[in-house]
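Remarks on the structure that follows.
The values are calculated or read from the model by the stated rules, or taken from the named source; none is laboratory data. All values reported here derive from a predicted model rather than from experimental measurement. No Cβ is skipped: glycine too gets one built from the backbone with ideal geometry, and neighbour counts run over all protein chains shown. These accessible areas exclude ligands, DNA and RNA; they are computed on the full protein's heavy atoms, side chains included. Shrake-Rupley method; radii C 1.70, N 1.55, O 1.52, S 1.80 Å.
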Amino acid sequence: MIDIIFLIDFEPGHIYPTFKLADSLSEAGFKVCFAGPADGRKIVEKHGFDYHEVFKDLYPEGSSGDDMVNKHYTSLLSGSLDQLIEKLGPKLIMVSSYMHLESLILFYKYNVKLITYCPSFLEGVSEKDLTLDGILINNCLKIFFSLSGEQPQMLLKLVQEKNKSLKDLKDIFQPIEKIPKMVLCPKELRVNETSKSKKEIYLGPGIIENNPSEEVSFKEFLPENKQLIFVSMGSQIKKYPDRASQLFKMATSFMQLPHCNDFHMFLTVGGTGISNWNLGTVPENVSVFNWLPQKEVLKMASAAIIHGGLGTIKECIFFGVPMLIVPMGRDQMDNAERVSHHKLGVKVNLEETNVDQLSKAVHFLMVNSEVRTNVAEMRTVFTAKNDNAEGVHFIKEYISAS
């Protein structure tokens, strides 16, 4: 039997932040496991937790869930998780905030307590009046209206079985307000002090400092007395190869300028294979890697050029590294705005910059005392909250409450 299941989505960047909380729960005596699509198995088991694949027929390893929405919800409503829930008998299921409608189905279908964990900020920086509850309800409504075939009726039938007093469509989604939300990032990184949802809690950044399994030889590539610039476009680089390639070429180009003689650059292509990228002329002061243990590199870095994924931003702050954010898509523009707002670095629009401007932005990060002071102050907040047991205490009380 298991106390807590983490039900995860496809994204590696959404999985890694859960491990710190999962470790703390295990140390507190809870039996913890993970469940999700096949692609999550290697990541989770590498960290030492048991993993249970779900939706095996829909999502074989290496697949994407984008074209499986209808079949996915039919499977869930038809009881694809029944056997797992019965076998493990969890007291609590931690559900990714990106599994919007899944949480609602689990609420109605199983008599198990739920917590929504948020691996990133759901609200955009311009959304000042929305609570997490409101955002999640809106997302559920959008998905509900996109359903086709028998699914809407299957969901309505399930809801009516549990709630005989159902009056209108909005009532279906109200349980979302009852489910606690845990944001896996300190609230100090927010831009707007928006209205808080009920049972909303912000945890530490979830950084695990030492991971022996990530050991790789790279330090000998950094010459003595050289400041290190780290360049990475994240784990989802395959989704924007043209833009990433453009940024890589600009980065290697500015490293050929005379004022970069005191710098050395580590550029990683995110495990996609160096030969797959046409990087042009790579100068001697640039080392290109297929993959690097990011946290170990950031401990040595003086600046980072990154895409703006929240996981990488949190690690840059945790290790005191000013950032140049070049957003590639998704929530990265909003994250870039957060970094800019708190003056932890600068943001650059790839379409509106050139090699010289990129070089000046990096130089600014290297010498600007205000940015480095702000990063140091935010780092103090992050390190203080990283080992905070607030999440464990909340979960203990939540599980034990009647």
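A Förster distance of 25 Å, applied to the separation of the beta-carbon atoms of Asn276 and Lys299, puts the FRET efficiency at 0.35.
What separates the Cα centres of region 5-53 and region 271-323 is a distance of 25 Å. As I understand it, the dipole of the chain uses +1 on the Cβ of Lys and Arg and -1 on the Cβ of Asp and Glu, about the Cα centre. Which of Ala336, Gly40, Ala389 lies farthest toward its positive end? Positive-most Cα among the choices belongs to Ala389.
Please give the FRET efficiency for Ile208 paired with Leu156, using the beta carbon to beta carbon distance and R0 = 51 Å, rounded to the nearest 0.05. All intermediate terms of the calculation are to be shown ahead of the outcome.
On the way: r = 43 Å, r/R0 = 0.84.
The computed FRET efficiency comes out at 0.75.
Could you tally the net charge around Ile399, taking each other residue with its Cβ under 13 Å from the Cβ of Ile399, Lys/Arg +1 and Asp/Glu -1?
+2
Taking 0.36 nm per residue of separation and subtracting the current Cα-Cα distance, fully stretching the chain between Asn368 and Asn225 would add 49.5 nm.
Residues His47, His264 ordered from highest to lowest accessible area at a 1.4 Å probe: His47, His264. A cut-off under 10 angstrom between Cβ atoms defines the neighbours of Ile4, and their net charge, with Lys, Arg +1 and Asp, Glu -1, is +2. Farthest toward the positive end of the dipole of the chain, out of Cys118, Leu132, Ser359, is the Cα of Leu132, where the dipole comes from beta carbon charges about the Cα centre. Stretching the chain fully between Glu177 and Leu257 yields a gain of 23.3 nm (0.36 nm per residue, less the alpha carbon separation). Residues of region 257-277 with an amide N closer than 19 Å to a point placed 7 Å from the Cα of Asn354 along the Cα-to-Cβ direction: 257-260.
Near Gly308, once Lys and Arg are set to +1 and Asp and Glu to -1 for all other residues with Cβ below 14 Å from its Cβ, the sum equals +2.
For Ala28 and Lys56, a Förster radius of 51 Å and the Cβ-Cβ distance give a FRET efficiency of 0.95, rounded to the nearest 0.05. The 3J(HN,Hα) values that the Karplus relation (6.51, -1.76, 1.60; θ = phi - 60°) gives for region 219-227 are, in residue order, 5, 5, 7, 9, x, 5, 6, 10, 7 Hz. Gly and Pro appear as x. Taking the Cα atoms only, what angle lies between the long axis of helix 132-146 and the longest principal axis of the chain, rounded to 10 degrees? In the chain, helix 132-146 runs at an angle near 70 degrees to the longest axis. Calculated mean residue ellipticity, 222 nm, the chain: -11500 deg cm²/dmol, from DSSP H runs (n ≥ 4) at -39500 (n - 2.57) each, averaged per residue and rounded to 500. Protein-only accessible surface at a 1.4 angstrom probe places the residues Glu102, Glu177, Glu161 in the order Glu161, Glu177, Glu102, largest first. Relative to the longest principal axis of the chain, what angle (0 to 90°, nearest 10) does the C-alpha long axis of helix 332-341 take? For helix 332-341, the angle is close to 60 degrees. Computed on the chain, with alpha-carbon pairs under 8 angstrom and 6+ residues apart, the relative contact order is 14 percent. Give the separation of the Cα centroids, region 91-151 to region 380-402, in Å. So the two Cα centres are separated by 22 Å.
Placing unit charges on the Cβ atoms only, positive for Lys and Arg and negative for Asp and Glu, gives the chain a dipole magnitude near 660 debye about its Cα centre.
Largest GNM mean-square fluctuation across Lys46, Lys20, Lys385, computed for the chain with C-alpha springs under 10 Å, falls on Lys46.
Here the dipole of region 1-152 is about 300 debye; that uses its Cα centre as origin and unit charges on the Cβ of Lys and Arg (positive) and Asp and Glu (negative).
Classify region 1-146 as rounded, prolate or oblate from the Cα gyration tensor: take a ≥ b ≥ c as the square roots of its eigenvalues, call it rounded if a/c is under 1.5, otherwise prolate when a/b beats b/c and oblate if not.
Numbers: a/c = 1.42, a/b = 1.19, b/c = 1.19.
Here region 1-146 falls in the rounded category.
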